[in-house]
1. Kindly evaluate residue 201 against the criterion of being among the polar types (S, T, N, Q) and more than 19 Å from residue 241 (Cα to Cα).
2. Any residue in region 72-83 that's farther than 13 Å from residue 45 by Cα and charged (D, E, K, R): show its pairings with residues that are part of a helix (DSSP H, G or I) and near the ligand (Cβ under 8 Å from one of its atoms) at Cβ separation under 9 Å, as long as the two are six or more apart or on different chains.
3. Would a scan of region 47-55 turn up a residue that is among the β-branched types (Val, Ile, Thr), over 15 Å from residue 17 (Cβ atoms), out of contact with any Phe, Trp or Tyr (no Cβ under 9 Å at 6 or more places or on another chain) and within 16 Å of the ligand (Cβ to nearest atom)?
4. Suppose we filter region 205-243 for residues that are within 10 Å of the ligand (Cβ to nearest atom), buried (at least 19 other Cβ atoms within 10 Å of the Cβ) and not in a helix (DSSP H, G or I); how many remain?
5. Out of curiosity, is residue 138 within 14 Å of the ligand (Cβ to nearest atom) and within 18 Å of the chain's Cα centre (by Cα)?
6. Search region 41-55 for residues that are farther than 17 Å from residue 94 by Cα and pair each with any residue that is part of a loop (DSSP other than H, G, I, E, B) and near the ligand (Cβ under 10 Å from one of its atoms) when their beta-carbon atoms are under 8 Å apart and the residues are at least 6 apart or on different chains.
7. In the list 160, 183, which residue meets the criterion of being among the small types (Gly, Ala, Ser), free of Cβ contacts under 8 Å to residues at least 40 places away in the same chain and under 27 Å from residue 126 (Cα atoms)?
Amino acid sequence: MYKAFDESLTDTAGQIEKHFERVLSSFDQVPVTQAMAYAVRGGKKLRGFLVIEGARLHGINVERAIWPAMAAEAIHTYSLIHDDLPCMDDDSLRRGQPTIHVKWDEATAVLAGDALQTLAFEMVARPEVGSADVRADLGLSLARASGAGGMVYGQALDIAAETESLSATVESINHLQKHKTGALIQWSAEAGARLAGEDPSRLGAYSHALGLAFQIADDILDVEGDIDTVGKAVGKDADLGKATFVSLLGLKGARQRARDLVAEACDALSSYGKDAECLRQAAHFVILRQF
Ligand code: GRG
């Protein structure tokens, strides 16, 4: 059932990795650039896939879409590197491999994250991406999605919530996750419409629901997944006494909410018809994934 999506996701991941190799090999090969190349390897590349698939829906070819796809993955990878640092989640394993501060050191991890963040803005500003208006729109929206009103805000709320789990509600977790993981997923899905200079609201509605379903699936994996398959430590939320969709809704309730969100995401694509089948399959994949 998920063949078209599976093939497409694998193919996209390969193309994104190849482009990263090309771009990163143009820098002096020092620990920070080696750490960047190591960090962008592996992972599902779901955000890059959303950019390329959303672009295809709007008639934009992969030669243009690959740059914002790399931007989404560069911001995502920077967030993972910094999130794994001892001052944040303190993780030693990511994608089944040692994290950057473990394989190199903390300074290299901070700098590799910083440089991936700035690389993302270089990627959307490249002339191959489109007109100056399109590039400015992509850069502005990416800054908003990833910065103090987006992902960083969500991360700050998450850190604060570690000490305030008693007051957490489904609404407050929705708000936190909408920013922490949702904002970049939403930017990724909307980028294709932005590349075409078109209204991103249908892809926005799709990815808003998708982002929340993704996070619920992540909370479920933290409870039910095993370290070898997930590729990172599991059971951390419960150990820290953190409020999650699972702790608030229970496993059954969280699964049902995720299924409802997937249905909502698919409904938002109805006007695209059959062309959006791959994005619908992506929504189903997000809650069935094991890693
Ligand atoms: C440090 C500014 C800053 C932000 C960090 C998103 C985030 C904010 C931290 C990541 C922590 C985390 C594990 C969140 C759960 C959701 C998530 C982003 C999972 C990992 O994403 P996948 O499954 O990873 O897409 P791959 O490895 O496939 O790329």
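1. Numbers: among the polar types (S, T, N, Q): yes; more than 19 Å from residue 241 (Cα to Cα): yes.
Taking the combined requirement at face value, the residue satisfies it.
2. Close Cβ pairs (under 9 Å, with a partner that is part of a helix (DSSP H, G or I) and near the ligand (Cβ under 8 Å from one of its atoms)) amount to 83/155.
3. No, because not a single residue in region 47-55 is among the β-branched types (Val, Ile, Thr), over 15 Å from residue 17 (Cβ atoms), out of contact with any Phe, Trp or Tyr (no Cβ under 9 Å at 6 or more places or on another chain) and within 16 Å of the ligand (Cβ to nearest atom).
4. Total meeting the criteria: 1.
5. The answer is no for residue 138.
6. Sorted first by the residue in region 41-55, then by its partner, the list stays empty.
7. 183
For every residue, the table says whether it meets (1) of a type in the set (Ser, Thr, Tyr); (2) touching a Phe, Trp or Tyr at 6+ places or on another chain (Cβ under 9 Å); (3) within 11 Å of the ligand (Cβ to nearest atom).
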| residue | (1), (2), (3) |
| --- | --- |
| 149 | no, no, no |
| 154 | no, no, yes |
| 172 | yes, no, no |
| 175 | no, no, no |
| 185 | no, yes, yes |
| 201 | yes, no, no |
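Every number here is computed from the coordinates shown, using simple stated rules; none is lab data. Here the structure is a predicted model, which is why all the values come from computation and not from measurement. We place every Cβ from the backbone using ideal geometry, glycine too, and count neighbours over all the protein chains shown.
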